[in-house]
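The structure under discussion appears below in the form of structure tokens.
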Amino acid sequence: MQTITLKQHNGLKVTLSSYGATIRSIEAPNGDHLALCYDNEDDWRSNPVYLGSTIGRVANRIADSKYLGEQRVVNLVANEGANQLHGGKKGLSHVDWQVIDHDISNNKVAFRYVSPSNEQGFPGRVEFIVSYQLSDNQLVIAMQGDPSEITPLSLTNHIYWNLALSKQHDVTDHFVKLPARLRLLKNEQNIANGEFANVYDSHYDFAEFTKLASVLTSNGFDDYYLLDPQGTRQLQLHGSIVNKMTGYQVDIHSTSPGCQFYTGFHLDERYRHIDGQHFGPFMGLCIEPHELPNAVNHSHFLSTQYSPEKPYHQKIVYKIFF
């Protein structure tokens, strides 16, 4: 496992790991951590909650761990009951990537991983490259996948933001804004059932900055917000997070059609942040841009199938204010 730190002249610092092409930490110029970071080195290898990892081959859930491919039913490796979550038991988040470029002058690092055909059940060999570049208070993530045959791809990063870690607070006093007006409906197993709902004037409406504590229910949020139903692949704002006490803000832009909004209800208290704070429900929140979940089983969804003639590309940009 190789770690590399990117640092701006003003002191903003991002530490990355080759295991899972992972963001291990983001630190403000004064040393405040802005995202959850394990205090135990061994936890980075097991990483049960995908902290800061690159997720794939397909992010989110696939119903019954299967889909109808070009000529056959493709059976995938299940890792959440009968379903597949975040690429299976050993997805991109839990493999060693190769550092193929560390451009110090441009504050950039690139990781490569070649996924063999039938890994976790997915057809085709895929060469993945994920690069991170830190400049102008922005962390830019460029993700690409070059498959040998038609196969579904949908990558994201699973960073857990908490802009009040320096105050030993959870995220309930954070304000969140999500411009998307549609969300995907889901079944009792949190799997997209193929239907959409308008969030306007509902519990799910984050069109304006909303304090999480004012809307959180017992299990919080774990919902996919569809921002770009046409799939234009334009870089757009998917969400903003603000903590008024610390003054930090993060804006998340992406070329993906939508994002998963998750408020970290299942964070396990057995794990601790690097400063000793225990994890637990609502200690971190995620805004994960990626393709529509379970799209392989819904023909009316934007396609997540890619091929040698149509390689996969996606960009995520975290703009940090302090």
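The values are calculated or read from the model by the stated rules, or taken from the named source; none is laboratory data. This one's a predicted model, so the numbers in the text were calculated from it and none came from an experiment. Note: ideal-geometry Cβ built from the backbone for every residue, glycine included; neighbour counts use all protein chains shown. Ligands, DNA and RNA are excluded from the accessible area calculation, which covers all protein heavy atoms including side chains. Shrake-Rupley method; radii C 1.70, N 1.55, O 1.52, S 1.80 Å.
Number of residues in segment 9-62 that are among the small types (Gly, Ala, Ser), part of a loop (DSSP other than H, G, I, E, B) and in contact (Cβ under 8 Å) with a residue 60 or more places away in the chain: the value is 8. Scanning for something exposed (fewer than 14 other Cβ atoms within 10 Å of the Cβ), more than 24 Å from LEU12 (Cβ to Cβ), β-branched (Val, Ile, Thr) and in contact with a Ser or Thr (Cβ under 9 Å, 6 or more places away or on another chain), does segment 225-241 turn up at least one residue? The answer is yes; a qualifying residue exists. The residue of segment 43-68 that is farthest from the chain's Cα centre (by Cα), among those that are more than 25 Å from VAL14 (Cα to Cα) and open to solvent by 20 Å² or more (accessible area, probe 1.4 Å), is LEU68.
Where strands (runs of 3 or more DSSP E) sit wholly within segment 178-260, those with at least 3 residues that are farther than 24 Å from MET283 by Cα and in contact with a strand residue (DSSP E or B) (Cβ under 7 Å, 6 or more places away or on another chain) occupy 182-186, 192-198.
On the given criteria, is GLU80 acidic (Asp, Glu), closer than 25 Å to HIS278 by Cα and either open to solvent by 30 Å² or more (accessible area, probe 1.4 Å) or touching a Leu at 6+ places or on another chain (Cβ under 6 Å) (or both)? In short, yes.
Take segment 130-170 and flag every residue that is in a helix (DSSP H, G or I) and open to solvent by less than 60 Å² (accessible area, probe 1.4 Å). The answer is LEU165, SER166.
Yes/no matrix, rows are residues, columns are (1) over 22 Å from the mean Cα position of the chain (by Cα); (2) not acidic (Asp, Glu):
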position: PRO116; (1), (2): yes, yes
position: ARG125; (1), (2): yes, yes
position: ALA142; (1), (2): no, yes
position: LEU163; (1), (2): no, yes
position: SER166; (1), (2): yes, yes
position: HIS174; (1), (2): no, yes
position: ALA180; (1), (2): no, yes
position: ASN193; (1), (2): no, yes
position: ASP205; (1), (2): no, no
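A Cβ distance below 6 Å, combined with a sequence gap of six or more or placement on separate chains, defines the contacts here; from segment 170-190, residues that are touching a residue at least 60 places away in the same chain (Cβ under 8 Å) and farther than 14 Å from TYR262 by Cβ reach residues that are hydroxyl-bearing (Ser, Thr, Tyr) and crowded, with 22+ Cβ neighbours inside 10 Å in the pairs ALA180/TYR225.
Condition check ((1) open to solvent by less than 20 Å² (accessible area, probe 1.4 Å); (2) closer than 28 Å to LYS319 by Cα) across all residues:
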{"site": "SER17", "(1), (2)": "yes, yes"}
{"site": "ILE23", "(1), (2)": "yes, yes"}
{"site": "TYR38", "(1), (2)": "yes, yes"}
{"site": "VAL74", "(1), (2)": "yes, no"}
{"site": "LYS90", "(1), (2)": "no, no"}
{"site": "GLN98", "(1), (2)": "no, yes"}
